[in-house]
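Reading through the structure tokens given below for one structure.
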Amino acid sequence: MHDLIVIGAGPGGYVAAIRAAQLGMSVLLVEKDRVGGTCLNRGCIPTKAYYENACTLRSIQHSQQFGIQVQGFSFDMQVAWQRKEQVVKQLVSGVEQLLKANQVEVVRGSASLVDARTVRVGDEQFSAQRILIATGSQPAVLPIAGNDDPRFVTSDQILDIQEVPPRLAIIGGGVIGLEFACIFNAFGSQVTVLEAQPTVLSQVDREIVKRLQVFLKRQGIAVHTSVQVKRLAGSSQGLSVHAESAKGELSIETDLVLQAGGRRSCTAGLNLDKLGISVDQRGFILVDENYQTNVPGIYAIGDVIGGSMLAHVASEEGIAAVDRMAGHDSTVAYHAIPSAIFTFPEIAAVGLSEEEAREQGIVPLIGKFNFAANGKALAMGETDGIVKVIANQDKQIIGMHVVGPHASDLILEGTVAVSQKLTLPEMHSVIHAHPTLGEAIKEALLDAEGQAIHAAPPRKRLNKGE
């Protein structure tokens, strides 16, 4: 009998397995596909590989401003696909070696729960003191008439296409939809995004989204909001997407349709009903503060429990769950979860948005700084965007939002500030190297108290009689 069986080798499961091994547990890890899960095989990593192809293409297209003349270049989608596959293969191999080095036993196959201590994989049964479910999520299939057309693809399937579609329609203006919109726009597709909500990226700070929408329009990406897609009609010439909007009926002619309307939990075949494991209305497993389900001895973490469905959150939950099994006090700083969106330009955020702060009754102190006034951004030729800092009336930093170059890297400083509940005065003493993009953070922090050095002071109100 093992101490722990982990079902699912994604960023939640394999990290939990390694952490358990570090704590001296004997661990069995069950995976039906390749280790690394969605993130490594069908999500974060392959899309970022394509994102780098898109970055290179954009650099070439804008090379004239640097005095570089490039003519006759072309893009080979098959080569990009091969590179993406190699990146994934290398990282999968690395995870496999880590599991082996930590003496985690790996079994291939689909797992089902027999009871609170037993897991069946194929014809074999394995027992453990505890079981951790980390089976992740998968793309939700939108219930649209005509969705059986093979040109209606998921985010998994679009990663395997070998040719750039001349026209691409994307249903869903969330993170996945907009990342693919920017990638394929750079690849040469004519991209149209259809979003049911009144705005794209509905969970992101409104000011940041408004700025992004301007940048998307400048790139030639068409975005339609408050749109309900009703049906697809296929022909030899392509696909027609028929929708209704506030302005009336809308019809989009396209060659490929990406459905990016969210994700759902992967629990099929686990026998949750048989064991009486509770799930919410959407099918996500319910857990307590220790990540234990209502069935003692069975735990769950990551996308399968909903919440912030991010790879790094799953990893942190995996570590916390295993630590608590071992009697250690371990928590996840849910108030300071960073997120990164790889659009052009990038977006990153941590903590509360301005809207969320006001909804909680907080009168926020807000500081901003434009990258257009940052020396490094200007030298890079990437001046779109701002840094926005949010603090409460006690001057504690409760949020940071960035749209601009390398936002995904810059957000780390905001994550430290929010997670450690640092104040504006405490951050003012942190010296930022020059010339760097990070200086925009320093200026935004100063601006929250009206002390920004490299921004014009706000106009003072004139007293009566002046």
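In table form, for the structure just shown:
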{"item": "Cα gyration tensor category, rounded, prolate or oblate, for the stretch 152-261 with a/c compared to 1.5", "result": "oblate"}
{"item": "Sites V70 and K217 - FRET efficiency at Förster radius 25 Å, r taken between beta-carbons, to 0.05", "result": "0.45"}
{"item": "Space enclosed by the convex hull of the alpha-carbon atoms of the stretch 336-447, per residue, Å³", "result": "85"}
{"item": "Gain in span if fully extended, S251 to H428, counting 0.36 nm per residue against the direct Cα distance", "result": "58.5 nm"}
{"item": "Theoretical gain in end-to-end length, L412 to Q125 [0.36 nm per residue, Cα-Cα removed]", "result": "99.0 nm"}
{"item": "The stretch 267-342: trypsin sites (Lys or Arg not before Pro) in DSSP loop, at most 15 other beta carbons within 10 Å", "result": "R282"}
{"item": "Burial ordering of C55, C266, fewest other beta-carbon atoms within 10 Å first", "result": "C55, C266"}
{"item": "Cα gyration tensor shape of the chain, rounded if a/c is under 1.5, else prolate or oblate by comparing a/b with b/c", "result": "oblate"}
{"item": "Distance between modelled label sites at R83 and K32, nm, 7 Å Cα→Cβ extension", "result": "3.4"}
{"item": "Over 21 Å (Cα to Cα) - which of K210/K442; K388/K421; K210/K388; K421/K442 fall in this group", "result": "K210/K442"}
{"item": "Order of H335, H224, H434 under a 10 Å beta carbon neighbour criterion, fewest first", "result": "H434, H335, H224"}
{"item": "Residue (of G327, N290, A314) at the positive-pole extreme of the stretch 269-417, dipole from beta-carbon charges", "result": "A314"}
{"item": "Calculated from backbone phi, Karplus (6.51, -1.76, 1.60) coupling profile of the stretch 131-144 in Hz, x at Gly/Pro", "result": "10, 10, 8, 9, 8, x, 9, 9, x, 7, 8, 6, x, 10"}
{"item": "Extension gain from D280 to L98, taking 0.36 nm per residue of separation minus the Cα-Cα distance", "result": "62.1 nm"}
{"item": "Farthest toward positive dipole pole in the stretch 152-261 [+1 Lys/Arg, -1 Asp/Glu at C-beta], among A243, Q259, Q213", "result": "Q213"}
{"item": "Sites S226 and Q157 - FRET efficiency at Förster radius 41 Å, r taken between beta-carbons, to 0.05", "result": "0.90"}
{"item": "Proximal aspartates and glutamates relative to K48, as straight alpha-carbon distance under 13 Å, when same-chain residues fewer than 8 apart are discounted", "result": "E85, E179, E346"}
{"item": "Using a Förster distance of 30 Å, the FRET efficiency for Y334-A140 (Cβ separation, nearest 0.05)", "result": "0.80"}
{"item": "Fewest-first ranking of L178, L98, using other Cβ atoms within 10 Å as the exposure measure", "result": "L98, L178"}
{"item": "Loop sites in the stretch 200-304: GluC sites (Glu not before Pro), DSSP, at most 15 other Cβ within 10 Å", "result": "E289"}
{"item": "Point-charge dipole on Cβ atoms (K/R +1, D/E -1) for the stretch 336-447, about Cα centre, debye to 20", "result": "180"}
{"item": "Whole-angstrom gap from the stretch 228-263 to the stretch 50-113, using each part's C-alpha centre", "result": "30"}
{"item": "The stretch 152-261 - charge dipole about Cα centre, Lys and Arg +1 at Cβ, Asp and Glu -1, debye rounded to 20", "result": "420"}
{"item": "Sparse-neighbour loop sites [GluC sites (Glu not before Pro); the stretch 94-193; at most 11 other C-beta within 10 Å; DSSP]", "result": "E163"}
{"item": "Separation of the N294 and Q420 label points, Cα + 7 Å toward Cβ, nm", "result": "4.2"}
{"item": "Anisotropy class of the stretch 326-376 from Cα gyration tensor, a/c 1.5 cut", "result": "oblate"}
{"item": "Local electrostatic count, I431, Cβ distance below 11 Å [Lys/Arg +1, Asp/Glu -1]", "result": "0"}
{"item": "Cα-centred dipole magnitude for the chain, charges only on beta-carbon of K, R (+1) and D, E (-1), debye, nearest 20", "result": "680"}
{"item": "Inter-centroid distance (Cα atoms) of the stretch 119-134 relative to the stretch 303-322, Å", "result": "20"}
{"item": "Value of [θ]222 nm, deg cm²/dmol, for the chain, DSSP H segments ≥ 4, -39500 (n - 2.57) each, nearest 500", "result": "-9500 deg cm²/dmol"}
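Coordinate-derived values only; no laboratory data. Not measured: the values here are computed from a predicted model. Reconstructed Cβ throughout: ideal geometry from the backbone, glycine too, with neighbour counts over all protein chains shown.
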